[in-house]
Amino acid sequence: PTRGYRFALEAFLLADFVPATASAPLIDLGTGCGVVALFLARRFPHLCGVGLELQRSLAMFAQQNVVGNSLERRIDIVQGDIRQVSSLFPAGAFGTVVCNPPYRAVGHGRLNPQPEKAIARHELTITLPQLVQAARHLLRRRGLLDLGYHPARLSELFAQLEAAHLRPHRMRLVHATEHAPASIVLIEALRD
């Protein structure tokens, strides 16, 4: 859209971080316009998956992008709430979960006046514990969770992952310049 949510560099970085050993099917939680799912479908021709998006307008953009890239047979877009994945998908239905979640807690940072952007950047509709529990429900045993997050909340993220038996085993810190502090952390965790 000319206004509203747009994907950023994190989407490219997350799609690149997912390993070639990623298991199908894959689900992209909070898919937005579907960009991560599209990148992964092009990168890994064997992968099929789902993009789950809360916001109806973004789910419509994601569906248009899937059709525009002739990926209708490989990517399904579902409009729904991550907090309700247990009513949308059976437990252990996915081999890989990817997510670029909102990582600013409410009350931290400027809240964007545009609702699409605010929901994408701040934990207005989902918290970190809810996200981690949803990923655990969706992943089969030894499935992979790949996500991008803010380095300032790394200890909180690790605590939530450990509590859900999602063991972090690979991490990449992303720096804007050689001497700048990390602005993004990419984490891969393995269920059980």
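Gyration tensor over the Cα atoms of segment 25-105: the corresponding equivalent ellipsoid has semi-axes (square roots of 5 times the eigenvalues, largest first) of 18, 15, 12 Å. Of all the options Thr31, Thr127, Thr177, the one that moves most in a Gaussian network model of the chain with Cα springs shorter than 10 angstrom is Thr177. For the chain, a simple Cβ point-charge model (Lys and Arg +1, Asp and Glu -1, everything else neutral) yields a dipole of about 80 debye relative to the Cα centre.
Seen from all directions on average, the chain presents a Cα convex hull projection of 10.6 nm².
Normalised per residue, the accessible area of segment 7-74 is 45 Å², obtained with a 1.4 Å probe and no contribution from ligands, DNA or RNA. Counted without the sites themselves, the longest stretch of the chain free of GluC sites (Glu not before Pro) in a DSSP loop having at most 16 other beta carbon atoms within 10 Å is 73-177.
Solvent-accessible area assigned to carbon and sulfur over the chain amounts to 55 percent, based on a 1.4 Å probe.
Loop exposure criterion: trypsin sites (Lys or Arg not before Pro), DSSP state outside H, G, I, E and B, at most 16 other Cβ atoms within 10 Å. Applied to the chain, the longest stretch between such sites is 111-192.
The values are calculated or read from the model by the stated rules, or taken from the named source; none is laboratory data. Just so it is clear, the structure is predicted and the values come from calculations on it, not from any experiment. Using ideal geometry, Cβ is built from the backbone for each residue, glycine included, and neighbour counts are taken over all protein chains shown. Remember, those area values only see protein heavy atoms, side chains included, never the ligands or the DNA or RNA. Shrake-Rupley method; radii C 1.70, N 1.55, O 1.52, S 1.80 Å.
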